[in-house]
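Student: This structure is in structure tokens; I'll ask about it shortly.
The values are calculated or read from the model by the stated rules, or taken from the named source; none is laboratory data. Just so it is clear, the structure is predicted and the values come from calculations on it, not from any experiment. Positions of Cβ are backbone-derived with ideal geometry, glycine not excepted, and every protein chain shown enters the neighbour counts. When the accessible area is computed, the model is the full protein with side chains, heavy atoms only, and any ligands, DNA or RNA have been set aside. Shrake-Rupley method; radii C 1.70, N 1.55, O 1.52, S 1.80 Å.
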Amino acid sequence: MYKKEFDILLTKQIPQIALLYGEGDFFIDFYIQELKNRLKTHTISQFYFDEYNLAAVVDILGAGSLFGDASAVVLKLDSKLSKKDCEGLLAALEGNENNHLIIGFYKSDSKTPSQYMQDARSLALMLKGKNSVDVRFFTPTIAESMMLLKNKANSLSLSFDEGALQFLLQMQNHNLSLALNELDKYAMTEKQVNIDSIRELSYGLGSIKFDDFLNVFFDRNDFLIVYEKMREEGLESMEFLREMQRYFYTLFLFCAYAKVYGKCDAKEILGYVPPQFVIDTYTRRALRFKEKDFQQIFEIFTKWHNGIMSGRKEMDIQALIQLKAIL
């Protein structure tokens, strides 16, 4: 099913098994949190990526209680579970209808979009049950992003106008997670959300500051100084990683297109035409890499992601040094 159908379902019931996947991570993360909120009376256990252990999860899901306690397990995975694992999870939940399993299935950098979707559909079939759902999400539209920003602003009792929220979203390069986090600043300072206050309190990871970092990263060796400055200003590791992944994936698209067609057509690659200096920068940087370089780069991103989820604070710098060595 899709987001709209899932929203309707959640007004009536909470599925025992929910598999969440799709383009972009935002809605996967958003609905994992939404389900956790709805299951707040449950004891919730979380296993992220390499932390996943079938025996531990089965023990939790298969445990009943004479006192009516219920458990929920949240899995965040970027590799498909085996058929044997899925059978074990289904068996554990059988007869324990008060327990729940939530799986966020994310795209690994080592998989193409089509391979990822094939894995997601296969996983959905293996987890099929009488009270299970699989939900495919898409990148939030502008309308969906604006609605979520308005809801967040209202929940924080902030005064705002729609133009200011649009400006905030644009300033964060349409990264909805960043824009939502920015609203918390206004709640703490009790400021009205308008364009002037946004300019004063917000900075755009996807605009000026991130571009500054990229310029230094590609052209000089003092990128760690810029990175540390961004950390001092509140940069979060996961958001930074996502911006780096998005940027290098764009470079990969330029590189692959140039190899096939002998030129770079921004309209075909991006779906729109940015300013010429942006196209020139993408092209110049993309052609510095070979195909095997991108394979290494995406492997670094996977290890970086897993390191962050495991609480390894040094992963940002390690990964950046490894990326720089490929340049």
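Student: Return yes when residue 303 is of a type in the set (Lys, Arg) and modelled with pLDDT of 90 or more and no when it is not.
Tutor: Criteria met by residue 303.
Student: Somewhere in the range 4-25, is a residue touching a Gly at 6+ places or on another chain (Cβ under 9 Å), open to solvent by 40 Å² or more (accessible area, probe 1.4 Å) and among the acidic types (Asp, Glu)?
Tutor: Looking through the range 4-25, at least one residue is touching a Gly at 6+ places or on another chain (Cβ under 9 Å), open to solvent by 40 Å² or more (accessible area, probe 1.4 Å) and among the acidic types (Asp, Glu).
Student: So which residues in the range 295-327 are farther than 21 Å from residue 251 by Cα and part of a loop (DSSP other than H, G, I, E, B), if there are any at all?
Tutor: 310, 311, 312, 313, 314
Student: Something else about it: So which helices (runs of 4 or more DSSP H) stay within the range 1-101 end to end and still have 2 or more residues that are within 18 Å of residue 130 (Cβ to Cβ)?
Tutor: By residue number, 3-10, 83-93.
Student: Would you check which residues across the range 238-281 are open to solvent by less than 70 Å² (accessible area, probe 1.4 Å) and of a type in the set (Phe, Trp, Tyr) and list them?
Tutor: 240, 247, 248, 252, 254, 257
Student: If only one of 25, 7 is charged (D, E, K, R) and in contact (Cβ under 8 Å) with a residue 40 or more places away in the chain, which one is it?
Tutor: Selected residue: 25, the only one of 25, 7 that is charged (D, E, K, R) and in contact (Cβ under 8 Å) with a residue 40 or more places away in the chain.
Student: So if I check each of 124, 164, 120, 179, which one is modelled with pLDDT of 80 or more, open to solvent by less than 80 Å² (accessible area, probe 1.4 Å) and touching an Asp or Glu at 6+ places or on another chain (Cβ under 7 Å)?
Tutor: That would be 124, the only listed residue that is modelled with pLDDT of 80 or more, open to solvent by less than 80 Å² (accessible area, probe 1.4 Å) and touching an Asp or Glu at 6+ places or on another chain (Cβ under 7 Å).
Student: Quickly run through the range 129-148 and pick out the residues that are out of contact with any strand residue (DSSP E or B) (no Cβ under 7 Å at 6 or more places or on another chain) and surrounded by 14 or more Cβ atoms within 10 Å (Cβ to Cβ).
Tutor: Passing the criteria: 139, 140, 144, 145, 146, 148.
Student: If you don't mind, another one. Counting only residues that are at pLDDT 70 or above and open to solvent by less than 20 Å² (accessible area, probe 1.4 Å), which one in the range 183-206 is nearest to the chain's Cα centre (by Cα)?
Tutor: The extreme case among them is 183.
Student: From 92, 55, 63, 72, grab the single residue that is over 17 Å from residue 28 (Cβ atoms), crowded, with 18+ Cβ neighbours inside 10 Å and among the hydrophobic types (A, V, I, L, M, F, W, C).
Tutor: Residue meeting the stated conditions: 92.
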